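Single-structure report; data block below.
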Amino acid sequence: MSHVILRGKNGRRHDVSFEDDNIKVEIYASAETVELVVEAQDTDCLPDKRRFVLVNIPRHLFSKAMADLARQDREHPRPKG
């Protein structure tokens with residue numbers, strides 16, 4: 001089950017639950033930012049009511065997180081199966 005939880009600066013928690021619906025994930029990158037778009041593929045929902053999450057991350061932080069993950073996988077390989 002795919003979902004996103006975020007907490008705004010005001011302390012309020014916002015949940016987007018995609019339940020077991022199909023989702024589409026897109027990644028866009030510029031020199032400064034990486035943008036992640038996750039959208040439920042609701043066929044019975046109006047386009048302006050679709051559940052989605054849009055995240056913009058500074059590119060250097062995204063790159064560091066990916067490098068850290070790759071390093072972690074190399075140091076502690078996950079069992080296959």
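Bear in mind that the values in this text are calculations on the coordinates, not laboratory data. Everything numeric in this text was worked out from a predicted model, so none of it was measured. In this analysis, Cβ positions are derived from the backbone assuming ideal geometry, glycine residues included, and neighbour counts consider all displayed protein chains.
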Any idea what the dipole of the chain comes to, in debye rounded to 20, about its Cα centre with Lys/Arg Cβ at +1 and Asp/Glu Cβ at -1? 460
Positive dipole terminus of region 1-47, leading residue within A40, H14, H3 (C-beta point charges): H14
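Need the full-extension length gain, K24 to D48, defined as separation in residues times 0.36 nm minus the C-alpha distance. One decimal, nm. List each step's numbers first, then the result.
Values: separation 24, 0.36 × 24 = 8.64 nm, distance 1.59 nm.
Extra length available between K24 and D48 comes to 7.0 nm.
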For K49, give me every one of the lysines with a C-alpha distance below 29 angstrom, ignoring sequence neighbours fewer than eight places off in its own chain. K9, K24
Once normalised by the length of region 2-75, the mean sequence separation of its alpha carbon contacts under 8 Å that are 6 or more apart gives a contact order in percent of 23
